[in-house]
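Derivation of every value follows stated rules applied to the coordinates shown; laboratory data play no part. Every value quoted in this text rests on a predicted model; they were computed, and no experiment measured them. Note: ideal-geometry Cβ built from the backbone for every residue, glycine included; neighbour counts use all protein chains shown.
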Amino acid sequence: MKIPTHPNEPRRIIKNWNRQQKIAPYLFIAPFYLLFVVFMGYPLISSLVMSLYEMRGFQSRIFVGFGNFTDLFGDPIFWKSLRNTAYFAIGTLTLQLPIALLLAILLNSKYVKGKNFLRLAFFAPVLVAGVFVAIIFNLVYDQRAGLINQEFVLFGKEIGWLNEENYVMPAVILTGVWQWAGFNMIYFLAGLQGIRQELYEAAAVDGANWWQAFIHVTLPSLRPVIAFVFVVSMIGSLQLFDLPYILTNGGEPADAGSTIVMYLYKNGFQFMRLGYAATIGWVLFFIIAVVSIVQLKLLGIFREE
Amino acid sequence: MLCLPIDTDGFPLGKGPMVMLVLFLLSTFFIFGRSEEEGEDLEFWIFANTHYEEYQARVPIFEAQNPSVNVRLINFGGTMHDKLLAAMLSNFGAPDLVEVEITSIGRFLKGAIDEIGFVDLRPRLEREGWMDKLVVSRFTPWSYRGRIFGVPHDLHPVVLLYRDDLFKAAGVEMTEVETWDDFIAAGKKATRDLDGDGKIDQYAIVLDRRTESDYFSLLLQQGGGFFDEDGNVIIDSELAIETLEFFTALFNEHEIATPVYGTWHGDPSNFAAMQDSKILSILAPDWYVGILKSQVPQMAGKWKAIGMPSWQPGGRRTTTRGGTMVGITKQCKNPDRAWELLKFTYFDRPGLINRYETTRIIPPLKAAWDAPIFKEPDVYLGGQPLGELFIQLAPDLPARYQNPYWSEAADLLNDAIFAAVTEKQTPREALTELAKKVRTLMAKDMSRWGEQHDLMKP
C-alpha cells in the first residue's frame with residue numbers, strides 16, 4: 001500500500017486512499033455483521049415466524065397464529081419440564097454458588113497451601129465435555145457398583161439414582177455442582193482479589209470480627225461478581241440439556257429428568273413439530289429475559305450510586 | 001512478486017484482501033462446481049458402528065464389480081438421524097442411501113405422502129420378487145400407506161435368556177416352560193432371599209419399566225400394538241390393558257421381576273447385577289446377545305436360551321425388538337445405482353453370513369438361513385446353537401405397524417408404563433388416558449391439515 005507523502009504524487013493514489021478510508025471501517029466490521037445476520041438474525045426471525053405456524057413433514061406449513069402458544073400453556077409435559085428446570089436452577093443457585101464462593105474464600109486465604117494445584121483441580125471438571133461428564137456420572141450413580149451407592153448401601157438402601165423419579169433431579173444437580181462449582185469459583189476468586197485490603201483493615205479497626213467483615217465488606221464488594229455469576233448460572237441452568245439427556249437416557253423415568261430444552265429438542269427433532277419447538281424456544285427466551293432482569297434488579301445492579 | 005492482471009492498488013486495502021477474495025472465489029467454485037463425472041459417487045450414511053465396519057470390509061468388493069462407482073460410507077453415530085432430518089428439511093445434502101433406526105423412522109413419515117423423503121421401494125421389490133424372499137412381516141415397520149420406504153436390515157427375534165445353573169438350583173427345568181403361566185410358577189421358585197435377611201437376592205426376570213421396550217415386546221407377541229394396520233390407536237384395547245396388567249403383576253403381585261438396573265438393559269449396572277446372580281433371565285433379541293458377549297464375556301457358558309413363553313399352549317414363542325432399514329432418499333441422483341448397492345449390502349448371501357459371524361444378527365433373507373454357521377454351537381451359551389433357535393422362531397415374527405406418531409406415542413407410553421408399575425394409575429387408567437391423548441393429538445392435526453394429510457388414506 002502506498003501512502004502519498006508529497007504533493008507531486010499522482011492524484012489517482014490520493015483518490016484511492018480517500019475511497020479506502022471510507023470503505024475500510026465497513027469492511028472491518030462486516031465479518032461480524034455478516035455472521036450475525038446469517039447465524040443469528042435470520043434464524044431468530046425465522047424461528048419467530050415458525051412459532052406462528054404448524055409445520056408438518058418437510059414442506060407443508062399452515063398459519064396457526066398463537067395456537068402453538070395456547071397449546072403449550074395447556075401441555076402438562078411442558079409444565080413438568082419447566083418445574084424440573086426450575087428445580088435444577090434453584091439447586092444450582094442454592095448449592096453450587098455457595099460452594100463456589102466457599103472454595104474461592106478458602107483459596108484466597110493465606111493459610112491454604114498448594115493454591116495453584118487446588119485452583120487447577122477445582123477448575124478441571126469444566127474442561128470435561130458435558131457428554132463425558134454424563135458418562136462418568138452414570139457410573140458414579142450406578143445402582144449396583146456406583147461410587148455413591150457403595151456408601152449408601154451400608155445403610156441398607158440401594159438407591160436407583162437414575163431409576164427413581166425423586167432422585168433423578170438431585171442426581172443431575174449434584175453432577176452440575178461437580179462440573180461447574182470450580183468454574184464459578186474462578187469468578188469469585190477474581191472478585192475477592194479485587195477487594196482493597198484497606199477495607200478489611202478499617203473494619204478491623206472498627207472491631208469487626210471475621211464474619212462481620214465477610215458480611216459488611218466481602219459480600220457488598222462482590223456484588224457485581226455475584227450478580228454476574230447468578231445471571232450466567234441461571235441462564236445456563238434454564239438451558240440445561242445434554243447432562244440430563246444422557247444421564248437419564250432421554251428424561252425418563254416419567255419425564256423426571258426432562259427439561260425445557262430437552263422438550264424443545266424432542267418436539268423439533270423427534271416429533272417433527274418444528275413450529276411447536278420454536279414456540280418453546282421463544283417462551284424460554286422470555287423466561288430467561290424476565291428472570292435475568294428480576295435478578296439484576298434484586299441484586300441492585302440497576303441502582304445508581 | 002505477485003503479479004495480477006488487474007489494478008491491485010485500486011482495490012480497497014491493497015493486494016492482501018484481494019488475494020483472499022480471489023482464493024475465496026476459487027475455493028467456492030471448486031466446492032460447488034465439481035464436475036459431473038463424480039455423479040457416480042454413492043454416499044451411504046450409517047449410525048451403527050458394527051454396520052459401518054461390516055460395509056467397510058465389503059464395499060470394496062462392490063466397487064471392484066462396478067469400477068465406475070465410488071462409494072462413500074459415512075458413520076455419524078447417534079447424531080445421524082438429526083443430520084438426515086436437517087438435510088431433508090433443507091432439501092439439500094442428504095445421502096443416496098441411509099440406514100434408519102426403527103424408533104426414528106416415524107418422524108420421517110410426517111406430512112403428505114408425496115413429501116416423504118424416501119423413494120417408494122415397493123415397485124422394485126415386487127418386480128424383482130424380493131418380497132417373497134424376505135420375512136414379509138419385517139416390511140411393516142418401514143411401510144406406510146401402502147408404500148415401502150425401506151428394506152429391513154434384520155429380524156431381531158426375541159428369546160428368553162436364562163441362567164440354567166440358578167434355575168436348576170431352584171429345582172426348575174426351564175426347557176419345560178412353555179407358557180407365561182409356567183414361567184410365573186418357575187419364577188416364584190427361583191426368586192429367592194438367599195441369606196434370610198428378608199430381602200430378595202435373585203429375581204426370576206429383569207424388565208424395563210422406564211421405557212416401552214419389554215411391555216411392547218409382550219404386546220407385539222400377541223399380535224397387538226400401539227397402532228393397527230390402518231393407523232388407528234389400539235393401545236387401550238383389552239389386549240393391551242391385560243398385557244400391562246400382566247406386566248405390572250410380575251413386579252407387584254408375583255414379585256418375580258426386578259426393574260432394570262441403571263437406565264436400560266445395556267447399562268453397566270444391569271450387567272453388574274447379572275454377574276452378581278441377581279438376575280436369572282432376560283428377554284433378549286439377537287443384537288442383545290451380541291452386546292452381552294462383548295460386555296460380559298466372563299459370563300460365557302452361564303446362559304441358555306429358549307423361545308419366549310407363549311400366551312397359550314402352542315402359541316407364538318417370540319416377538320421382535322429393534323430394527324434398522326436402508327432407504328434410498330429422493331435426493332439420490334441415481335436410484336438405480338443405489339438400488340444395486342442396497343441389494344449388495346442387504347441381499348447378498350455371503351455378506352449376510354459374514355454379518356452373522358460378526359454381529360450375531362439374523363438376516364431377513366430366508367435363502368441365507370440354511371448356512372451351516374447358524375447351526376454352529378455357541379460357546380457363550382454353553383454350546384447351544386443359538387442361531388438355529390432364532391431361525392426356528394423367525395418365520396413367526398409379529399408385524400409391527402409404523403405410524404408417523406410413533407415417537408410421540410412411545411414417549412407417552414413410557415410414562416404410562418411407569419405410572420402403572422409404580423401403582424400411580426391402574427393399567428386401564430394409564431392406557432385409556434394415553435390413548436385419549438394420542439387420539440386428541442391426531443384429531444387436532446387432522447382438523448388442521450385435512451384430507452391431504454389423512455393418515456388412514458392409502
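Structure data summary
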quantity	calculated
Loop-exposed trypsin sites (Lys or Arg not before Pro) per DSSP, neighbour cap 10 Cβ within 10 angstrom, longest uninterrupted part of chain A	A:1-109
Long-range HN-HN contacts of B:Val158 with modeled amide H, under 5 Å	B:Thr319
Spin-label model distance (nm) - A:Thr94 vs B:Glu245, 7 Å beyond Cα toward Cβ	4.3
Paired Rg and Dmax values of the protein assembly as shown, which use every Cα atom, in angstrom	31.2, 111
Sites A:Gln21 and A:Val140, calculated FRET efficiency, Cβ-Cβ separation with R0 56 Å, nearest 0.05	0.40
Exposed chymotrypsin sites (Phe, Trp or Tyr not before Pro) absent - longest run of chain A, DSSP non-H/G/I/E/B, at most 13 other C-beta within 10 Å	A:112-301
Filtered trypsin sites (Lys or Arg not before Pro), the stretch B:128-205: DSSP coil and at most 12 other beta carbons within 10 Å	B:Lys199
Stretchable slack from B:Glu253 to B:Glu40, in nm (0.36 nm times residue separation minus alpha-carbon distance)	70.5 nm
Chain A, helix-only ellipticity at 222 nm - DSSP H runs n ≥ 4, -39,500 (n - 2.57), divided by all residues, nearest 500	-19500 deg cm²/dmol
Residues of type aspartates and glutamates that B:Lys133 reaches as a straight line, Cα spacing below 13 Å, ignoring anything fewer than 8 places off in the same chain	B:Asp348
Loop GluC sites (Glu not before Pro), the stretch B:129-228 (other Cβ atoms within 10 Å of the site Cβ: 12 or fewer; DSSP)	B:Glu173
R0 of 22 Å, Cβ-Cβ distance A:Phe28-B:Val19: FRET efficiency to nearest 0.05	0.80
Bins of 5 Å from zero: percent of alpha-carbon pairs in the stretch A:73-298	1, 6, 12, 15, 15, 15, 12, 9, 7, 4, 2, 1, 0, 0
Inter-label distance for A:Ala208 and A:Leu35, nm, one decimal - labels placed 7 Å from Cα along Cα-to-Cβ	4.3
Nearest-0.05 FRET efficiency for B:Asp396 and B:Ala443, computed from C-beta distance (R0 45 Å)	0.80
Given B:Lys188/B:Lys304; B:Lys83/B:Lys343; B:Lys110/B:Lys293; B:Lys199/B:Lys424; A:Lys80/B:Lys444, the pairs whose alpha carbons are separated by over 26 Å	B:Lys110/B:Lys293
Spin-label pair A:Ala86/A:Ile293, simplified geometry with 7 Å Cα→Cβ offset, distance in nm	1.9
Percentage, to the nearest whole number, of Cα pairs in chain B over 29 Å apart	54
